[in-house]
1. When residues of segment 8-24 are filtered for being within 14 Å of the ligand (Cβ to nearest atom) and more than 16 Å from residue 300 (Cβ to Cβ), how many remain?
2. Output the residue which, of all residues in segment 248-287 that are surrounded by fewer than 16 Cβ atoms within 10 Å (Cβ to Cβ) and over 29 Å from residue 204 (Cβ atoms), is nearest to the ligand (Cβ to nearest atom).
3. Looking at segment 66-76, which of the residues that are buried (at least 18 other Cβ atoms within 10 Å of the Cβ) and without any contact (Cβ under 8 Å) to a residue 40 or more places away in the chain is farthest from the ligand (Cβ to nearest atom)?
4. Select from segment 144-159 the residues that are at pLDDT below 95 and surrounded by 17 or more Cβ atoms within 10 Å (Cβ to Cβ) and write down the one among them that is nearest to the ligand (Cβ to nearest atom).
5. Which one is nearest to residue 27 (Cα to Cα), of the residues in segment 217-247 that are touching a residue at least 60 places away in the same chain (Cβ under 8 Å) and surrounded by fewer than 23 Cβ atoms within 10 Å (Cβ to Cβ)?
6. Check 170, 174, 126, 190 and return the single one that is at pLDDT 95 or above and exposed (fewer than 13 other Cβ atoms within 10 Å of the Cβ).
7. Given the residues 268, 282, 293, 302, which is the only one that is within 18 Å of residue 18 (Cβ to Cβ) and modelled with pLDDT of 90 or more?
8. Which of the residues belonging to segment 193-216 are buried (at least 16 other Cβ atoms within 10 Å of the Cβ) and without any contact (Cβ under 8 Å) to a residue 24 or more places away in the chain?
Ligand SMILES: [Zn+2]
């Protein structure tokens, strides 16, 4: 069975102001040969280069909202990729003003991009991208300006193929195996063979949520339900809850409560106010609601395994999942 790598690479985990250790918001999801970037805070290109993600891979960029700490790095990244010789187009998604933000800056700065950029305006919630084996969906966040949260959701995968059974039936390896595994009945030696007899039930793909800047909301609780990994902003702790409300951000406690209600499997907190030099407080607060928490640091790389692999690990069985 074809296994597609899925990992999260954190390129910036600070809110509003960068610190010595933390750059401004940016997350790259590497899925197979593709890079999908969520937000491009100023200076993220340095972390992008250090992470050796590759400058000419298939790429999409999503901007959650037009606040400087989430989008000022976009121009620098696009320019650097051009100077480095990129040839493949990039699809960029954001609210209606993003197109203007890019074109006005390009005009003033007079910079040429040697590859095609295609800016897609997000007009509404719903499915933005439908690739062969995954979707990207948007939902309104609850922030001080128009802002979106996103989900990357893989399609279900075919069930495990029973090779022994296929061999016993005398079916030759190759194309017929593939058809059966993808649920297509075949005819072999004049006999109809049903795919369901050779293949187990279909298996879920992986689901990753990205909050961007937001207050927690009922809407997001539903949107992020059952995510394998949820990356949620945690700008403040409860002591500064009044600031979180005033500035439309979340506290660590609120983020973890949402993760619990949404039944996500793993919560990654990011986007921390620069006032917190010790993130133990954030972690302690979040753990009151939710155990499986990771506090993101710049350059962290988090792999997202297939759900059945996780299950196997938990059961203590060392078994290769096909
Ligand atoms: Zn913001």
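The values are calculated or read from the model by the stated rules, or taken from the named source; none is laboratory data. Only a predicted model underlies this, so the values are computations on that prediction, with no experimental measurement involved. Here Cβ is always computed from backbone atoms with ideal geometry, including for glycine, and neighbour counts include all displayed protein chains.
1. Counting residues in segment 8-24 that are within 14 Å of the ligand (Cβ to nearest atom) and more than 16 Å from residue 300 (Cβ to Cβ) gives 3.
2. Restricting to residues being surrounded by fewer than 16 Cβ atoms within 10 Å (Cβ to Cβ) and over 29 Å from residue 204 (Cβ atoms), the top hit is 274.
3. 75
4. 157
5. Per the stated criteria, the residue is 228.
6. 126 is the lone residue from the list that is at pLDDT 95 or above and exposed (fewer than 13 other Cβ atoms within 10 Å of the Cβ).
7. 282
8. 195
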